[in-house]
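The values are calculated or read from the model by the stated rules, or taken from the named source; none is laboratory data. Predicted model, so just to flag it, every value in this text is computed and none were measured. Every residue, glycine as well, gets a Cβ built from its backbone with ideal geometry; the counts of neighbours run over all protein chains shown. Note: areas computed on protein heavy atoms with side chains; ligands, DNA, RNA excluded. Shrake-Rupley method; radii C 1.70, N 1.55, O 1.52, S 1.80 Å.
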Amino acid sequence: MEKYESRQQQIRRPAAQIYSLISDFSNFTPVVQGHVEEWTADETHCSFRVKGMTVRLHMVDRVPEQYVKIAGDERSPLDFTFWIQLKEVGAYDTRMRLVLHAKLNMVMKMMIGSKLQSGLDRMAEQMARAFNGEL
């Protein structure tokens with residue numbers, strides 16, 4: 001498994017408040033609209049189409065105020081797990097990091113490895129901006 005980590009982002013909110021949002025896929029609806037097609041979500045499952053491919057995700061583990069762990073379903077073309085990690089360092093200072101573990105063969109790693117890294121960093125930045133009320 002290859003590991004990709006985003007740059008750490010500062011969010012000026014308590015970890016409990018952020019966790020209550022990220023622990024329910026239906027809360028992601030405003031963030032993903034316009035970026036994906038056919039978005040459907042409930043608390044623990046979501047699916048969407050991007051570039052003609054359907055992606056189905058589910059939450060496999062959640063620890064309040066610490067992290068949410070997400071994986072693709074068995075039909076996913078990529079074997080991966082994805083964490084949204086939180087660490088509260090002050091009352092209104094939470095640090096967030098996104099971590100992706102993906103099973104990639106050498107060819108896939110060469111083709112999309114850097115894109116995964118830059119995409120993860122961009123996603124973390126956008127999430128932090130949204131949580132900080134900058135979007």
Could you pull out every one of the strands (runs of 3 or more DSSP E) wholly within segment 51-97 that has 2 or more residues that are open to solvent by 60 Å² or more (accessible area, probe 1.4 Å)?
-> 53-63, 79-90
Give me the pairs: first residue in segment 1-20 and under 22 Å from Ala71 (Cα atoms), second residue modelled with pLDDT of 95 or more and loosely packed, with under 13 Cβ neighbours inside 10 Å, beta-carbon distance under 7 Å, and six or more apart or on different chains, which are they?
-> Tyr19/Pro64
Restricting segment 111-135 to residues that are of a type outside the set (A, V, I, L, M) and open to solvent by 90 Å² or more (accessible area, probe 1.4 Å), which is modelled with the lowest pLDDT?
-> Glu134
May I ask you to list the residues in segment 30-47 that are farther than 25 Å from Gly133 by Cβ and assigned to a strand (DSSP E or B)?
-> Glu37, Glu38, Thr40, His45, Ser47
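Please go through segment 81-109 and give me each residue that is within 15 Å of the chain's Cα centre (by Cα), touching a residue at least 40 places away in the same chain (Cβ under 8 Å) and under 24 Å from His58 (Cβ atoms), ordered by number. Break it down stepwise before answering.
Step one: of segment 81-109, the residues within 15 Å of the chain's Cα centre (by Cα) are 81-86, 95-102.
If we keep only those that are touching a residue at least 40 places away in the same chain (Cβ under 8 Å) too, we end up with 84, 86, 95-102.
Listed by number, the residues that qualify are Ile84, Leu86, Met96, Arg97, Leu98, Val99, Leu100, His101, Ala102.
Give the residue, chosen from Lys3, Lys51, that is in contact with a Leu (Cβ under 8 Å, 6 or more places away or on another chain) and among the basic types (Lys, Arg). Talk me through it step by step, then tell me what you get.
Details: Lys51 fails: in contact with a Leu (Cβ under 8 Å, 6 or more places away or on another chain).
Testing whether each residue is in contact with a Leu (Cβ under 8 Å, 6 or more places away or on another chain) and among the basic types (Lys, Arg) leaves just Lys3.
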Would you pick out the residues in segment 98-110 that are farther than 21 Å from Glu74 by Cα and open to solvent by less than 70 Å² (accessible area, probe 1.4 Å)?
-> Leu98
